[in-house]
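Colleague: Could you have a look at this structure, given as C-alpha cells, before my questions?
The values are calculated or read from the model by the stated rules, or taken from the named source; none is laboratory data. Nothing here was measured: the structure is a model prediction, and the numbers come from that model. When we count neighbours, we look across all protein chains shown, and the Cβ atoms used for this are built from the backbone with ideal geometry, even at glycine. The area values use the complete protein model at the heavy-atom level, side chains included, leaving out ligands, DNA and RNA. Shrake-Rupley method; radii C 1.70, N 1.55, O 1.52, S 1.80 Å.
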Amino acid sequence: MEKDSAVRFLEACSECMDGARKRAGIGTLGEKTLHAVLKQYFEPRKENQEVPVGPYVADICNEQGILEIQTRGFDRLREKLAFFLELGPVTVVYPVPARKWLIWIEEDGTDCPRRKSPKSASACEILPELYKLKPLLSAPNLRLCIVMLELEEYRLKNGWGNEGKRGSTRFDRMPVNLLEELWITSLEEYRRFLPESLQETFTVRDFASAARMSAKAASAAVNVLYAVGALERTGKLRNAFLYRRADSAGPRSSV
C-alpha cells in the first residue's frame with residue numbers, strides 16, 4: 001500500500017535537508033531546497049531524476065511521463081514544455097506557500113527567531129504564471145499539480161528601511177508540511193480557481209478583490225480562465241468586461 005502523502009513528504013524533507021545539504025548550509029547548493037524536496041517527494045528513485053530528454057533535461061521522467069517543478073518564471077518553461085508535450089504526458093508542479101514563517105538572517109549569518117507571515121497565498125497564484133503558457137493549456141497531455149505548503153522562508157537583511165527588510169533578498173525556502181495537493185487534469189477543472197465569494201457576474205476588479213491579487217495579476221488570471229473556457233463574457237460595465245462562470249469549458253480560438 002502506498003504511504004500517506006504527508007508521511008512521504010516528511011521523508012522527502014528529511015532526505016534533502018539532512019546529510020550533505022545540511023552540512024553545506026541552507027541555500028549554498030546549486031539547487032534550492034524547496035525544488036529538491038518536491039523532486040524527492042514525487043520521485044525518490046534517483047535514476048529517474050534529472051533525465052536528458054532531447055535537447056532538455058526533465059526534472060523527473062518515469063513510467064507516468066515527465067514531471068517539471070516550476071517555482072517561478074513560467075516563460076522560461078514554454079519551449080521546453082512544448083517539446084515534452086509532443087512526447088507524452090507532462091505534469092507541471094507549482095508550490096504555493098499557503099502558510100509561511102519568516103526567518104531573517106543577520107549580516108553576521110545568525111538567524112532571528114521565526115515569526116508567522118501575515119501573508120498567505122491561494123491556488124489562484126498560479127494563474128498569472130499560466131498566462132505565459134496559454135497556447136499550451138489545452139494540450140491533452142498536460143496536467144497541473146498545485147502543492148499547498150507550510151514552509152519557512154529565509155530572507156537576508158540586505159535591503160533598506162525597517163532594519164534592512166524592505167527590498168530584501170529571499171535566500172531559501174524550507175518546506176515544513178504538505179497541506180494539500182490540487183490537481184488540474186482537464187479544462188473543466190479550471191473552475192476550481194474561481195473564488196467562492198464572486199458574484200454571478202463580475203469584473204477583473206471584483207476578481208482581484210476576491211482572490212486578493214493585484215490588478216495586473218488578476219487581469220492575467222481572468223484572461224487565462226477565459227482562454228480555457230472556464231469563464232464567458234456577458235457584456236460590459238462601463239469600460240470593463242463582465243464575466244460569469246461558463247456552463248462548459250473548452251479552449252477559445254483567440255483571446
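Colleague: In the stretch 52-145, what is the volume of the convex hull around the alpha carbon atoms, normalised per residue and reported in Å³?
Modeller: Hull volume over Cα atoms, normalised by residue count, gives 149 Å³.
Colleague: Helix-only estimate, please: 222 nm mean residue ellipticity of the chain, summing -39500 (n - 2.57) across DSSP H runs of length 4 or more and dividing by its residues, to the nearest 500.
Modeller: -7000 deg cm²/dmol
Colleague: Please report, in whole Å, how far the alpha carbons of the stretch 74-208 spread along each principal axis, starting with the longest.
Modeller: Its Cα atoms span 51, 40, 27 Å along the three principal axes.
Colleague: Another question, then. How large, in Å, is the stretch 93-147 by the Kirkwood hydrodynamic radius built from its alpha-carbon pairs?
Modeller: So the Kirkwood estimate lands at 14.0 Å.
Colleague: Any idea of the accessible area per residue across the chain, 1.4 Å probe, to the nearest Å²?
Modeller: Accessible surface, normalised per residue, equals 54 Å².
Colleague: Would you mind telling me which residue in Leu87, Leu67, Leu194 has the biggest mean-square fluctuation in a Gaussian network model of the chain, where springs connect alpha carbons within a distance under 10 angstrom?
Modeller: With Cα springs under 10 Å in the chain, the top fluctuation among Leu87, Leu67, Leu194 is at Leu87.
Colleague: Could I ask something else about it? Mind jotting down a quarter of the surface of the convex hull over the alpha carbons of the stretch 190-247, in square nanometres, one decimal?
Modeller: With the hull built on Cα positions only, its mean projection is 3.6 nm².
Colleague: By Kyte-Doolittle mean hydropathy of at least -0.5 and Cα axial length of at least 20 Å, which whole DSSP H helices of the chain are selected?
Modeller: TM-like helix candidates: nothing returned.
Colleague: OK, next. Top to bottom by accessible area (1.4 Å), largest first, where do Lys32, Lys216, Lys119, Lys132 land?
Modeller: Order by accessible area, largest first: Lys216, Lys119, Lys32, Lys132.
Colleague: Rounded, prolate or oblate for the chain? Axes are the square roots of the Cα gyration tensor eigenvalues, ordered a ≥ b ≥ c, and the cut-off for rounded is a/c under 1.5.
Modeller: Verdict is oblate for the chain.
Colleague: Going through the stretch 42-100, which trypsin sites (Lys or Arg not before Pro) have at most 14 other Cβ atoms within 10 Å and a DSSP loop state?
Modeller: Those that pass, being in a loop and sparsely packed, are Arg45, Arg72.
Colleague: I would also like to ask the following. Compute the length gained on full extension between Asn158 and Ala6: take 0.36 nm times their separation in residues and subtract their Cα-Cα distance, giving the result in nm to one decimal.
Modeller: Extra length available between Asn158 and Ala6 comes to 51.2 nm.
Colleague: Please find, in a Gaussian network model of the chain (springs between Cα atoms separated by less than 10 Å), the residue of Phe42, Phe241, Phe74 whose mean-square fluctuation is greatest.
Modeller: Of the options given, Phe241 has the highest mean-square fluctuation.
Colleague: So in the chain, what percent of DSSP beta bridges are antiparallel if you round to the nearest 5?
Modeller: Counting only bridges with both partners in the chain, antiparallel ones make up about 60 percent.
Colleague: Can you compute the equivalent ellipsoid semi-axes for the stretch 135-245, i.e. the square root of 5 times each eigenvalue of the Cα gyration tensor, sorted largest first and rounded to whole Å?
Modeller: Over the Cα atoms of the stretch 135-245, the semi-axes work out to 32, 21, 12 Å.
Colleague: Continuing with the same structure: Please identify, among Thr169, Thr185, Thr71, the residue showing maximal mean-square fluctuation in a Gaussian network model of the chain using a 10 angstrom Cα cutoff.
Modeller: Most flexible of the set in this elastic network: Thr169.
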